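Engineer: My structure is below; once you've seen it, I'll send some questions.
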Amino acid sequence: MDDWRPCPDGFALARTGEECLLMLQECEVGILSLDHEMGPGELSGSEVAARIVANGTFPREIYLHTSSEYGRRSMYQTLYAGKPDDVVLHRGQMPDEVLRRVASESAE
C-alpha cells in the first residue's frame, strides 16, 4: 500500500487504505508492505493496521516501509498486539532479496 511509490514487479498495488483493505478481504495476500502517510483525506497506515486487526484479515507476512518513525511504531504496535502467531511482522522495509524472489516467482 503506497500512495506514490511505484509497484515492484510481482506485487499488486493498493493506492489507498480502502483498496488495501478490500484486497485483504477478497484475495489471498502473502506479503503486505504498508506506508503510513497516505495523503489528505485517506486512511493512514495506522488506521489500516487497526482495521486489519479488527477484521482479522492478516496476510502471511507484513513489512512497514514508511519513512515516518511515528507511523512505523504505531503500525507495528497495533499489528503485533493483534496478529496471529503464524503472521510474520517486520519493523522495516522489504529486503531486495525478497523483492527479487517475488518478481522471479511471478515471471514463471
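Since every read-out is calculated from the coordinates, none of them should be taken as a lab result. Computed from a predicted model, the values in this text were never measured in an experiment. Glycine gets a Cβ as well: all are built from the backbone with ideal geometry, and neighbour counts include every protein chain shown.
Engineer: Can you tell me which of L22, L34, L89 moves the most in a GNM of the chain? Springs connect C-alpha atoms under 10 Å apart.
Structural biologist: Between L22, L34, L89, it is L22 that shows the largest mean-square fluctuation.
Engineer: Okay, next question. If we count every other residue with Cβ under 14 angstrom of T78's Cβ, Lys/Arg +1 and Asp/Glu -1, where does the sum land?
Structural biologist: Every neighbour counted, the sum reads +4.
Engineer: Against the longest alpha carbon principal axis of the chain, how many degrees, from 0 to 90 and to the nearest 10, is the axis of helix 45-55 turned?
Structural biologist: With rounding to tens, the tilt is 90 degrees.
Engineer: Given +1 on the Cβ of Lys and Arg, -1 on the Cβ of Asp and Glu, and no further charges, what dipole in debye does the chain carry about its Cα centre, rounded to the nearest 20?
Structural biologist: I would put it at about 320 debye.
Engineer: Okay, next question. Note down the nm distance, to one decimal, between modelled labels 7 Å out along Cα→Cβ at R15 and at S104.
Structural biologist: In this crude label model, R15 to S104 measures out at 3.2 nm.
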